[in-house]
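Student: Encoded as structure tokens, here's the structure I'll be asking about.
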Amino acid sequence: MKLILHIGTAKTGTTALQHFLCVNAKKLREHGIHYATPPNEFNFNSIANTLLLTGLDKFRTFFLNQLKVAERDGAHTIIASSESLYSISALLEERNLIEQLRASIPAEVECRVLCYVRRPDHCLESLYNQNVKRGVIGAGLLGDQTRQVSLFTGDVIDFLKIIEGMLDYHRCLSIWREVFGSSACSVRAYEAALPNLIEDFVRHVLDREDISSFTQLHLRSNERISRDVLEYKRLRHEHITYSERNLERKIFELVDKIITSPNNNHEYLSPDERAALLSRLEPSMERLRTEFSLPPFPRFDLEAASASWQPYPGLSLEKRREIEHHYNAVQRQVGFRLERLLIRAASLTRRRLPFLSWLLDFARGSGIRRLLLEATSRFQ
């Protein structure tokens with residue numbers, strides 16, 4: 001049995017690829033490939049995120065169950081995808097955790113670790129937008145470990161100070177290569193895989209030249225919200241509780257579709273800041289290119305960038321009032337009011353009646369909570 005462990009990185013089309021693999025799971029089985037996910041999920045992020053909290057027991061159980069299913073279906077290859085695996089190793093330098101992860105996979109399983117990487121400054125800006133949109137540093141990076149922290153209110157440089165370690169691709173991927181073996185680890189350049197990363201994956205990872213038989217998805221995952229709405233949301237984070245972050249994200253996504261003349265300037269770094277970051281990381285990028293046989297990242301021209309750069313002017317009072325008006329209107333919708341009521345009732349119950357936490361955990365695990373939220377969404 002062969003295992004392809006796709007570990008990310010984030011913001012390299014990972015979510016779209018995972019949706020593709022999930023939708024085409026039946027077709028993949030015809031080719032002897034089993035796509036491993038928990039029930040009703042399109043990746044195994046939820047399993048990967050438990051590594052820091054509960055250790056490897058859940059991962060080991062999940063993988064052994066998936067191995068049994070693959071063998072039962074006559075598959076020769078298992079694909080498992082979670083960008084959280086790269087993020088954990090990058091941010092926490094958890095070599096020991098990766099060693100334990102490898103040891104939990106039966107020795108007779110041939111492992112291959114795959115990672116896509118993107119020019120670091122572009123990865124930083126895309127991650128910054130996503131994490132401000134979601135509300136919390138670490139959403140998708142550190143999983144449930146972020147439960148006790150406040151929502152992020154900093155700018156892109158504050159964000160860079162937190163996640164710069166994960167942009168050192170060579171250092172992070174060297175850990176995986178040392179644990180799994182040089183021949184077992186491969187890295188592909190995100191930019192070189194464009195315009196169709198899914199096609200790149202199918203052809204170069206699955207060794208299938210003809211992808212026409214697979215269901216093609218025409219969706220864009222994790223789309224950005226406009227700069228003005230993002231800035232307004234960032235400034236509001238000190239007033240938003242962690243438990244209501246997903247609710248707020250849905251509200252702001254609707255607000256973003258309503259506002260007039262949205263500002264879509266998503267160059268969060270100035271040309272000088274961009275050049276400084278790339279200069280610091282150049283030795284790492286060069287080692288990565290050499291050791292993993294990667295094509296060069298797209299070249300950055302500081303002079304041309306400085307000549308064309310238009311800094312974000314900031315959130316004007318007029319635009320702030322417009323966003324605030326639409327925010328207040330959207331959040332008053334019945335569905336959102338009911339959802340907020342459910343969230344606050346659950347939080348109050350946990351604080352005042354902690355012995356009932358098991359009931360709330362059961363409701364969440366059984367899908368009751370999801371059904372209630374789906375019911376409230378009909379009012380939105």
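No lab work stands behind these numbers, since they all come straight from the coordinates. Predicted, not measured: the structure shown is a model, and the values here were computed from it. No Cβ is skipped: glycine too gets one built from the backbone with ideal geometry, and neighbour counts run over all protein chains shown.
Student: State which entries of Lys2/Lys250; Lys161/Lys257; Lys2/Lys26; Lys161/Lys233; Lys27/Lys250 exceed 28 angstrom in Cα-Cα distance in the structure shown. Display every interim value, and only then the final one.
Tutor: Numbers: Lys2/Lys250 39 Å; Lys161/Lys257 31 Å; Lys2/Lys26 18 Å; Lys161/Lys233 21 Å; Lys27/Lys250 33 Å.
Checking Cα-Cα distances, Lys2/Lys250; Lys161/Lys257; Lys27/Lys250 exceed 28 Å.
Student: Taking the alpha-carbon centroid of each part, what is the distance from region 61-140 to region 158-226 in angstrom?
Tutor: With region 61-140 and region 158-226 each reduced to a Cα centre, they are spaced 11 Å.
Student: Kindly write out, for region 278-287 in residue order, the coupling ³J(HN,Hα) from the Karplus curve 6.51 cos²θ - 1.76 cosθ + 1.60 (θ = phi - 60°), rounded to whole Hz, with x marking Gly and Pro.
Tutor: Running phi through 6.51 cos²θ - 1.76 cosθ + 1.60 with θ = phi - 60° gives 5, 5, 4, 8, 4, x, 5, 5, 5, 5 Hz.
Student: For region 1-119, just list the percent of Cα-Cα distances falling in each 10 Å bin from zero outward, please.
Tutor: Taking every Cα pair in region 1-119, the percentages come to 13, 49, 33, 5, 0.
Student: May I ask for the net charge around Arg234, where only other residues with Cβ less than 13 Å from the Cβ of Arg234 are counted and Lys, Arg are +1 while Asp, Glu are -1? Walk me through the intermediate numbers first.
Tutor: Details: positive: Lys133, Arg134, Arg227, Lys233, Arg236, Arg245, Arg249, Arg320; negative: Asp155, Asp158, Asp228, Glu231, Glu238, Glu248.
Spelling it out: positives minus negatives among the neighbours equals +2.
Student: Find how much the distance from Lys161 to His19 grows on full extension, using 0.36 nm per residue of separation minus their present alpha carbon separation; answer in nm with one decimal.
Tutor: Details: separation 142, 0.36 × 142 = 51.12 nm, distance 3.13 nm.
Full extension from Lys161 to His19 adds 48.0 nm.
Student: Please list 3J(HN,Hα) in residue order for region 2-7, calculated via the Karplus relation 6.51 cos²θ - 1.76 cosθ + 1.60 where θ = phi - 60°; whole Hz, with x for glycine and proline.
Tutor: In residue order, the calculated couplings are 10, 10, 9, 9, 8, 9 Hz.
Student: Next question. If packing is taken as the mean number of other Cβ atoms within 10 Å per residue, what is the order of 178-191, 335-348, highest first?
Tutor: Numbers: 178-191: 17.1, 335-348: 15.4.
The peptides rank, most packed first, as 178-191, 335-348.
Student: Let me ask something else. Whole-Hz ³J(HN,Hα) for each residue in region 198-207, computed from phi via Karplus 6.51 cos²θ - 1.76 cosθ + 1.60 with θ = phi - 60°, x for glycine and proline: what do you get?
Tutor: 5, 4, 4, 5, 4, 6, 9, 9, 8, 6
Student: Something else now. Taking only Cα atoms and a 10 Å spring cutoff, compute GNM fluctuations for the chain and point out the largest among Pro311, Pro354, Pro283.
Tutor: Sorting by GNM fluctuation, first place goes to Pro354.
Student: Given an 8 Å cut-off on Cα distances and at least 6 residues of separation, report the relative contact order of the chain as a percent. Write out the running numbers ahead of the final one.
Tutor: Numbers: 459 pairs, mean separation 69.0, N = 380.
Averaging sequence separation for qualifying contacts and normalising by length gives 18 percent for the chain.
Student: Now a separate question. Add -39500 (n - 2.57) for each DSSP H run of 4 or more in the chain, then divide by its residues: what number comes out at 222 nm, to the nearest 500 deg cm²/dmol?
Tutor: After summing the helix terms and dividing by residue count, I get -16500 deg cm²/dmol.
Student: Along the Cα→Cβ direction, 7 angstrom out, place labels at Glu41 and Val205. What is the inter-label distance in nm?
Tutor: Rounded to a tenth, the inter-label distance reads 1.7 nm.
Student: Let me ask you something else. According to a simple spin-label model (label point 7 Å from Cα along Cα-to-Cβ), what is the distance in nm between Ser279 and Arg299?
Tutor: Here the answer is 1.8 nm between the modelled labels.
Student: What GluC sites (Glu not before Pro) does region 1-110 have in DSSP loop regions with at most 11 other beta carbons within 10 Å? Display every interim value, and only then the final one.
Tutor: On the way: sites: Glu30, Glu41, Glu71, Glu83, Glu93, Glu94, Glu99, Glu108, Glu110; in loops: Glu41, Glu83, Glu93, Glu94, Glu108.
Taking region 1-110 and a limit of 11 other Cβ atoms within 10 Å, the loop GluC sites (Glu not before Pro) found are Glu108.
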